[in-house]
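What follows is one structure encoded as structure tokens, with my remarks underneath.
Bear in mind that the values in this text are calculations on the coordinates, not laboratory data. Quick caveat, the model's predicted, so the values are computed rather than measured. Because the Cβ atoms are built from the backbone with ideal geometry, glycine has one as well, and the counts that use them run over all protein chains shown.
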Amino acid sequence: MLGSDFGGGRPVDLGEAAMAEHEYVHGSGRWGAATAAAAIPAAPPPFTTDTYPGSDGRLVVVLRGELDFDTAPALRLALEEALGRSRTGLELDLQGVPFLDCSGLNVLLGMRDDARDRGKSMALGARSPAVARLLDLSGTASLFPSPR
């Protein structure tokens, strides 16, 4: 989309979201409040964690929600904290994870390495179909053993 600069009227490529916001704020064009709101990305839905003691000194971490680029930093912090509290490692329950992208997978792989560096382990228990599919497609399923 092309807009015009605010001084001389020359074309400026604003992009659709910026154009929607501009026209909404300034009241011009065919864009309405609903269009402008739809063009601006919403905040990512949060994920939640619950923990409870597992077998053999492991801490079970139940994750619910999307694990992606937006939630990866918070996921890493949550898993680092849980790993520090565990005696022998983590067991992740990912049944409540409807979406996992490469950013989320990279956090899991990094935490697996961190656990090994500390003499601990990280296993994946229940997995949603989306999680199982990404692990299979990426060839990483074998890196995460199921808990005993």
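Restricting region 101-143 to trypsin sites (Lys or Arg not before Pro) that sit in a DSSP loop and have at most 14 other Cβ atoms within 10 Å of their own Cβ leaves R118. Rounded to whole numbers, the Karplus 3J(HN,Hα) couplings from phi for region 50-61 are 10, 10, 7, x, x, 8, 6, x, 7, 9, 8, 10 Hz, using 6.51 cos²θ - 1.76 cosθ + 1.60 with θ = phi - 60°, and x at Gly and Pro. The amide H of V97, built 1.01 Å from its N in the peptide plane, has G65, S128 as neighbours under 5 Å, considering only residues 5 or more places off or on other chains.
For D50, the shell of other residues with beta-carbons less than 14 Å away shows a net charge of -1, using +1 for Lys and Arg and -1 for Asp and Glu.
With a cut-off of 12 Å between beta carbons, the residues surrounding M122 carry a summed charge of 0, where Lys and Arg count +1 and Asp and Glu -1.
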